[in-house]
Amino acid sequence: MIDVGRIRLFCTSLGPVGAPALLLVHGWGGDGREWSPHAEALAERFRVVVPDLRGHGRSEVPDQGNTPVGMADDLAALIETLATGAVVAVGHSMGGQVANLLAVRHPELVRSVVALDPAHGARGAEVDGIPARLADYEARGARAAAEFVADAFSPQAPPGLRTAHVRTMLGTPDHVIAQSYAGMYTDPDAVGVRPHSEAYLRRRPQPALTVWTSTEAAAWERGFLQTQGSRVEHWPGTGHYLHEERPERTVRLIREWAAG
């Protein structure tokens with residue numbers, strides 16, 4: 001557990017101190033364990049920092065403020081506490097939103113961003129369903145979230161992956177589930193819904209690599225890339241937890257991006 005001044009975060013670090021730093025950020029209702037195989041592989045060349053976000057895993061659980069904005073500011077304090085220098089911030093789902101918020105709010109601490117099926121760009125029917133989903137999460141917490149997560153995997157997902165994530169989600173405090181979801185989509189400073197997503201992504205000064213499982217989302221984000229070196233990839237036939245369904249491809253992607 002590391003006291004970063006504003007909160008205590010559980011965090012592990014692999015690889016040589018002084019090497020270029022990678023920050024691997026998990027998503028909603030997850031924890032840093034999902035990055036374990038990636039961290040081991042990447043630690044050969046990089047210092048790999050893997051936190052549990054506030055309210056998740058083994059980190060401190062505040063009564064309030066369990067939102068992506070708060071999480072991004074926590075990670076800024078963590079980077080400064082560990083003295084890693086500027087990081088390549090890698091995030092999945094909500095973690096992708098957190099990584100981008102970190103880059104926008106604390107640009108001096110981020111070299112570039114890798115966002116994997118990030119929690120931004122919601123539109124249409126997804127946006128229409130947000131109020132009902134939030135009400136369900138406020139009423140039933142982790143049980144409702146676990147039902148949602150259970151459908152997020154492709155038929156090719158490794159055995160046990162769905163069960164592992166359902167179990168981790170069920171272990172996340174109910175109020176954290178609801179606050180985090182509201183922080184992604186409905187709070188005044190939420191950036192998960194278009195066009196709020198576009199506005200905050202245009203403020204990101206660093207190059208970014210975004211990987212989508214949705215053809216439409218990939219085309220949308222390609223339409224407003226503005227920072228030189230940024231790109232969008234589309235991985236079809238993959239579930240939402242693409243970094244765990246395709247770990248070797250993900251490690252290769254991160255290694256090549258960070259080295260470049």
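Observations on the structure shown:
- Residues (among the basic types (Lys, Arg) and surrounded by 19 or more Cβ atoms within 10 Å (Cβ to Cβ)) located in segment 207-260: Arg246
- Comparison of Glu40, Glu34 shows that the only residue that is modelled with pLDDT of 95 or more, of a type in the set (D, E, K, R), in a helix (DSSP H, G or I) and more than 24 Å from Ala145 (Cβ to Cβ) is Glu40.
- Scanning segment 1-31 for residues that are among the acidic types (Asp, Glu) and outside any strand (DSSP E or B) yields one hit, Asp31.
- Check on Arg204, of a type in the set (Lys, Arg), in contact (Cβ under 8 Å) with a residue 12 or more places away in the chain, touching a helix residue (DSSP H, G or I) at 6+ places or on another chain (Cβ under 8 Å) and open to solvent by less than 20 Å² (accessible area, probe 1.4 Å): yes
- Within segment 158-207, considering residues that are part of a helix (DSSP H, G or I) and touching a Leu at 6+ places or on another chain (Cβ under 8 Å), the one farthest from Glu244 (Cα to Cα): Tyr200
- The helices (runs of 4 or more DSSP H) found entirely in segment 51-131 that carry 1 or more residues being out of contact with any helix residue (DSSP H, G or I) (no Cβ under 8 Å at 6 or more places or on another chain) and open to solvent by 10 Å² or more (accessible area, probe 1.4 Å) are 68-82, 124-128.
- The sole residue among Thr215, Thr210 that is in contact with a strand residue (DSSP E or B) (Cβ under 7 Å, 6 or more places away or on another chain) and closer than 30 Å to Pro107 by Cβ is Thr210.
- So Gly15, is it open to solvent by 20 Å² or more (accessible area, probe 1.4 Å) and on the phi > 0 side of the Ramachandran plot: yes
The values are calculated or read from the model by the stated rules, or taken from the named source; none is laboratory data. Every value quoted in this text rests on a predicted model; they were computed, and no experiment measured them. Cβ sites come from the backbone with ideal geometry, for glycine too, and all protein chains shown count toward neighbours. When the accessible area is computed, the model is the full protein with side chains, heavy atoms only, and any ligands, DNA or RNA have been set aside. Shrake-Rupley method; radii C 1.70, N 1.55, O 1.52, S 1.80 Å.
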